[in-house]
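These notes concern the structure reproduced below.
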Amino acid sequence: MCFSPLCNLIRNIIITIISIILGVVIAVLFSNGVIPYIRSIVKAVLILAVLLLASHVVSSILSYFMDHVRIKACLASAGIPLLVSSIGTIVVGIIALGIILNIASIPVAILIGFGGFFFSLMILSFIFFIICLVRRTTPAAII
């Protein structure tokens, strides 16, 4: 795994493109009625987003007080998309819980698409954040 700023930019662009594709797929599936119980799914996604945001805040506070350079580097490279996508998922989730989720409505399908985008971006960013932590904190002979 490359740790240069150019590699971080390329990785962020790739996961953003993948998330856009997944968001469109989720919006199409929702508008076709394939995804039942969407309100329960939105609640679960909202809880996961709050947990990931809380873990991000806790790791930021711990890295500040413990002065751990490797964790700070991972927070700087992979933590920013995780933070933005968690907040986006929370905002879209709150909006989605506040309205009636009708599959015939185009604005609702667009909202669900944004939610799918932010959720997939959040999951992919979290995966790369964990990979960065594992790669930077373990000795090179193990990995």
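The values are calculated or read from the model by the stated rules, or taken from the named source; none is laboratory data. In this text the structure is predicted, and so the values were computed from the model without any measurement. Neighbour counts run over all protein chains shown; Cβ positions are idealised from the backbone, glycine included.
I'd like to verify a number: residues in the stretch 22-53 that are more than 16 Å from I123 (Cβ to Cβ), exposed (fewer than 13 other Cβ atoms within 10 Å of the Cβ) and free of Cβ contacts under 8 Å to residues at least 40 places away in the same chain, how many? Number satisfying all stated conditions: 4.
Exactly one residue out of A104, A109 is touching a Phe, Trp or Tyr at 6+ places or on another chain (Cβ under 8 Å) and farther than 22 Å from A54 by Cβ: that is A109. Taking residues in the stretch 121-140 that are among the small types (G, A, S), and partners anywhere that are part of a helix (DSSP H, G or I), the pairs with Cβ atoms closer than 6 Å and at least 6 places apart or on different chains are S125/P81; S125/L82; S125/S85.
Of the residues making up the stretch 29-87, those that are outside any helix (DSSP H, G or I), of a type outside the set (S, T, Y) and out of contact with any helix residue (DSSP H, G or I) (no Cβ under 8 Å at 6 or more places or on another chain) number 5.
Counting only residues that are basic (K, R) and under 15 Å from G113 (Cα atoms), the stretch 1-59 holds 1 of them. Here's a check for you: in the stretch 54-76, which residue that is touching a residue at least 60 places away in the same chain (Cβ under 8 Å) and of a type in the set (A, V, I, L, M, F, W, C) is surrounded by the most Cβ atoms within 10 Å (Cβ to Cβ)? Checked the stretch 54-76; the qualifying residue surrounded by the most Cβ atoms within 10 Å (Cβ to Cβ) is C74. Can you confirm whether L97 is hydrophobic (A, V, I, L, M, F, W, C), assigned to a helix (DSSP H, G or I) and either free of Cβ contacts under 8 Å to residues at least 24 places away in the same chain or surrounded by 12 or more Cβ atoms within 10 Å (Cβ to Cβ) (or both)? Yes: the conditions hold for L97. The criterion of being surrounded by 14 or more Cβ atoms within 10 Å (Cβ to Cβ) and modelled with pLDDT of 95 or more holds for S19. When the stretch 105-115 is filtered for residues that are in contact (Cβ under 8 Å) with a residue 12 or more places away in the chain and either of a type in the set (D, E) or surrounded by fewer than 17 Cβ atoms within 10 Å (Cβ to Cβ) (or both), the ones remaining, listed by number, are I106, I110.
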